[in-house]
Structures are given as C-alpha cells and as structure tokens.
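Asks: The structure is given below, and queries will be raised subsequently.
Each reported figure results from applying straightforward, stated rules to the coordinates on display, with no laboratory input. Just so you know, these numbers come straight off a predicted model, no measurement behind them. Every residue, glycine among them, receives a Cβ derived from its backbone with ideal geometry; neighbour counts consider all protein chains shown.
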Amino acid sequence: MTTSAPITQDLVTIPRKLPEGPLNLVGLTRTAMQAALVDAGTPERQAKMRCGQIWQWIYHRGVRDFAQMTNLSKDYRALLAERFVIALPEVVSKQVSADGTRKYLMRIAGGHEVETVYIPETDRGTLCISSQVGCTLTCSFCHTGTQRLVRNLTAGEIVGQIMVARDDLGEWVKPGEAMGERPRLLSNVVLMGMGEPLYNFDNVRDAMKITMDGEGIALSRRRITLSTSGVVPEIARTAEEIGCLLAVSFHATTDEVRDGLVPINKKWNIETLLGALRDYPKLSNSERITFEYVMLKGVNDSDADARRLVQLIRGIPAKINLIPFNEWPGAPYERSDWDRIESFADIVYKAGYASPIRTPRGEDIMAACGQLKSATERARKSRKEIAAETGTGAQGPV
Ligand code: SAH
Ligand code: SF4
C-alpha cells in the first residue's frame, strides 16, 4: 500500500561489526558483566561499582570508546579496551515516512537483517523492536509469518536496537547533563516487530531488564509492552521475570477462525489462553492487558464477533486495540471497511472497554504492524542449529 507522499531515504553505514574476539558488553546482565569484569582482573569487591559506572557510560551516555570513561583510571580503561567491545547492530538503511515514522534495517552477526520502527507522537515516541529474524509461526495475515525463522536475536541485539535508535535521535545524555533532564524522544518500547518474543524468552528478558534498569536505558516497566501470539506456558513467566505490560494477538472469537489466523491456537486454544491471561495482572501487578485485534474484511469483523469478544474477556482488566489490516504484496486478506471497524469499536466501547483504533503509521515505507520482513529470505534452520548459533536454546512450537 503506497501513497504518493514523499519518502526520504538515506544510507548510513557505520562500521560496527561484532569482532570475533573480545566480549561485547552490550546485553550482558549485571551478574554476567560483573563476572566478566572479575575474570578480566577487576577486584571482586569493586565489580559491582565498576559495572554500574560502565552501564551508565554505555546506556545513559551512549559512549562506545572506553577511553571516554573518565571516572575510571587510565590503566583500567586500557584493560577494558583490551578485553571488551561495545558493539551494536549495523544500520544498513533508514527510511523516513511522510508521517515522521522511521524504519531502520539493521544487520546483525551472520549478515542477518532485522527491522526496527520508531513512531513519533505528540507526547511520546515508541520504538517497535524485533526479537527474532523471521518467525517460526505462520499467522496468515502477517508478512513476517511468510519468512522462515532464521535465528533468535541475542540480548545485545535486542537492546542494541534501542541504542541505535537513540543514536539516530541524538538522545544520549550530554556532558554536564543529568539523566531525565529532557523529555524522552524514545519513551516507550513495544516488542511488536519481527518474531515471537516468548519463543526467545531468556534474551528478551535480559534485554528488557537492561531497558528497565535505572542505570540501563531507564524506562519504566509500564512503558514496555510485549506482544505475544499466545505462547501460554511463558505468560506467567513474563509476569514474574519481566513484569512489563502484555499485549496479546487475539484476532478472533472462535477457535475455528483463530486456528486459521493464528495457528498457535491449535496448540493453546482461546479458553487456555484466556485462563493464562486472567492471572497476568495479579502476577505482575500490571495494568490492563491489551487485546490486539486485526480487522479483516468478512473474516472476523462482524457485530457478532464484537459481542463474543467482550463476553470472552469479561473479568480481565483489558483494553482492545483494533488494528486495521495492513496490506502487503500477495496478502490474502483485505482491510475491513471503516464503518465496519467503527461499528465493531462501538459495541466494544459500550461494553465498557477502551477500544482505540490503531492509526496505521509509516505505511508508505512498509513500516506498519505486520509489514516487516527482511529483504533477504533465508532457509529454515533446525532448532538445534539455531540454538547452537545463539547459544541460548531457541524454542518453538512443535
Ligand atoms: N509476534 C508477536 C509480536 C509481533 S506482531 C505477536 O504476534 O503478537 C505485532 C502485532 O501486529 C500483532 O498483534 C500482530 O498480530 C499484528 N499484525 C501482524 N500482521 C499484521 C497486518 N498485516 N496488519 C495489521 N496487524 C498485523
Ligand atoms: Fe510471528 Fe507475530 Fe507475525 Fe504471528 S503475527 S507470524 S507470531 S510475528
């Protein structure tokens, strides 16, 4: 879906490839970094403090060169430079939509590519990040779903997307400035890019811990939303181990229709999913769950669907986010008509739920929800190969 709106495109190639040897500090949990520092010769009693100092240089100030870490001794800086690197994904291209949305194509180790989208709004800016290259799931309306899973992103590659966007927005804390002095351009993070975050649980958790940490990216957990297609066994863990807000790709009100749209429903059906969701807010002490609902013409958009939807979720603190379907080349669906979407929203609203209709952003650069897909199609690898490559135990549906 292209408009005639102007598109600016520029190419930024930053030589920040991950070297083979030294360890990348980006994405290491506090525990892992402290252990690495001790291993490199840092006295154990200093490791905690050094870790905090280095985190602030990396995640508050965007420093990439140990020599600039001026509150550390010269010798210690030299030691760090010998043993470690601060490496980020490489930006291959950036596109800016007529509405200000920015889409970045980033290259990660192995030459794989992922997309990240920045969506500016009047009072905030949301970064939509990816958790996998491709997706194991095959939701029939999703462009990413037509791409095979290549591999899980590492925690460094997940938090690295936020750092690359902050580079581009020029948003690092400047010398003499304190953290939080300026309003944040990048104020919210949504795990709604490529991939199913709950099939890369450990890396997503570690990256979000850094994102939420006061000495890390320092965003409150209420500003982070993880969207899942419904990986039921990991939902309670998300509440307990991450504690961010949860969105669920619901999209249908009967198992028959949901089986065809979100195939993971065949494994964990609507009833099972709702059971897991009922406990989520209690476990994470979080606010409402967002039910995402893509509006597909003649498939899931009837008044009866709207009524069934509010009945199904009764008792769950929820808001319902209606997403007009974003088309992509060869997509087998059409977007519901506007008056249909409004009529659906009205029923939901009258039942007492907030029912915002998500405005498609960045459509002219194919940056809207569900349009992401890296240009290079890769062959599916076995789960064993993926796990071996990332060293993290990639999971997936059976
Ligand atoms: N894998 C996760 C997160 C990524 S998708 C998940 O499925 O929840 C983010 C949201 O966009 C999901 O609700 C997804 O179902 C929706 N989506 C996917 N393709 C879309 C499309 N073509 N148009 C509108 N929404 C889409
Ligand atoms: Fe994967 Fe989410 Fe797309 Fe489904 S909607 S194929 S889970 S990225």
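Asks: Net charge within 12 Å of Val257 by Cβ-Cβ distance, Lys/Arg positive one each and Asp/Glu negative one each, not counting Val257 itself?
Replies: The answer is -3.
Asks: A further question on this structure: Go through 236-249, 58-71 and give me the packing order, highest mean Cβ count within 10 Å leading.
Replies: The most tightly packed comes first, giving 236-249, 58-71.
Asks: At 0.890 mPa s and 25 °C, plugging the Kirkwood radius over alpha-carbon pairs of segment 188-246 into Stokes-Einstein gives what diffusion coefficient in µm²/s?
Replies: After rounding, the answer is 216 µm²/s.
Asks: What angle, in degrees between 0 and 90 and rounded to the nearest 10, separates the Cα long axis of helix 30-39 from the longest principal axis of the Cα atoms of the chain?
Replies: The angle comes out at about 30 degrees.
Asks: Estimate the FRET efficiency between Ala98 and Arg64 by the formula 1/(1 + (r/R0)^6), using the beta-carbon distance for r and 51 Å for R0, to the nearest 0.05.
Replies: With a Förster radius of 51 Å, E is 0.95.
Asks: How do the peptides 105-112, 89-96, 157-164, 348-355 rank, highest first, by the average count of neighbouring beta carbon atoms within 10 Å per residue?
Replies: So the peptides 105-112, 89-96, 157-164, 348-355, ranked by packing, come out 157-164, 89-96, 105-112, 348-355.
Asks: To the nearest 20 Debye, how big is the dipole of segment 23-85 about its Cα centre, given +1 on the beta carbon of each Lys and Arg and -1 on that of each Asp and Glu?
Replies: Approximately 180 debye in magnitude.
Asks: If the limit is 26 Å between Cα atoms, which of Lys282/Lys319; Lys94/Lys319; Lys103/Lys267; Lys94/Lys174 go over it? Kindly include the intermediate steps, with their values, before the conclusion.
Replies: Numbers: Lys282/Lys319 16 Å; Lys94/Lys319 32 Å; Lys103/Lys267 33 Å; Lys94/Lys174 24 Å.
Check vs 26 Å cut-off fails for Lys94/Lys319; Lys103/Lys267.
Asks: Now, a different point. Let me check I've understood the local charge: for Leu72, count other residues with C-beta under 14 angstrom from its C-beta, Lys and Arg +1, Asp and Glu -1. What total comes out?
Replies: Around Leu72, the surrounding residues sum to +2.
Asks: Can I ask one more? Report, in whole Å, the centroid distance computed from the Cα atoms of segment 334-351 and segment 26-78.
Replies: After rounding, the separation between the Cα centres reads 52 Å.
Asks: GNM, the chain, Cα, under 10 Å: largest mean-square fluctuation among Pro197, Pro317, Pro332?
Replies: Pro332
Asks: For Phe201, Phe250, what's the fewest-to-most ordering of other Cβ within 10 Å of each Cβ?
Replies: Least crowded to most crowded, the residues run Phe201, Phe250.
Asks: Shifting gears a bit: Which of Trp338, Trp172 has the fewest other C-beta atoms within 10 Å, and how do the rest follow up to the most?
Replies: The order, fewest Cβ neighbours first, is Trp338, Trp172.
Asks: Ok, one more. If one computes the Cα centroid of segment 269-298 and of segment 182-213, what distance in Å separates the two points?
Replies: Taking the Cα centre of segment 182-213 as reference, the centre of segment 269-298 is 19 Å away.
Asks: Still on this structure, please answer the following. Over segment 82-232, what is the relative contact order in percent, taking alpha-carbon pairs closer than 8 angstrom and at least six residues apart?
Replies: Computed value for segment 82-232: 22 percent relative contact order.
Asks: Net charge near Ile316: determine it from the other residues with C-beta under 11 Å of the C-beta of Ile316, scoring Lys and Arg +1 and Asp and Glu -1.
Replies: Values: positive: Arg278, Lys282, Arg288, Arg314, Lys319; negative: Asp279.
Residues near Ile316 contribute +4 overall.
Asks: Nearest 20 debye, what's the magnitude of the dipole of segment 104-256 about its Cα centre given +1 on Lys and Arg Cβ and -1 on Asp and Glu Cβ?
Replies: Charge dipole, segment 104-256, about its Cα centre: 140 debye, nearest 20.
Asks: Could you give me the ³J(HN,Hα) list for segment 59-75, computed from phi with Karplus coefficients 6.51, -1.76, 1.60 and θ = phi - 60°, whole Hz, x at Gly and Pro?
Replies: 9, 9, 9, x, 6, 10, 10, 4, 4, 7, 7, 6, 8, 10, 5, 4, 5
Asks: Sticking with the crude label model, points 7 Å out along Cα→Cβ, report the distance from Leu169 to Lys297 in nm, one decimal please.
Replies: Distance between the two pseudo-spin positions: 3.6 nm.
Asks: Based on the mean of other Cβ atoms within 10 Å per residue, sort peptides 288-296, 252-260 so the most packed one is first.
Replies: Final packing ranking: 288-296, 252-260.
Asks: Placing +1 at every Lys and Arg Cβ and -1 at every Asp and Glu Cβ, with all other atoms neutral, what dipole size does the chain have around its Cα centre, in debye to the nearest 20?
Replies: Roughly 760 debye, rounded to the nearest 20.
Asks: A further question on this structure: When DSSP assigns beta bridges and you keep just the ones with both residues in the chain, what percent turn out antiparallel, to the nearest 5?
Replies: Here the share of antiparallel DSSP bridges comes out near 50 percent.
Asks: Between helix 338-350 and the chain, what is the angle of the helix's C-alpha long axis to the longest principal axis, kept within 0 to 90° and rounded to the nearest 10?
Replies: Value to nearest ten degrees: 80.
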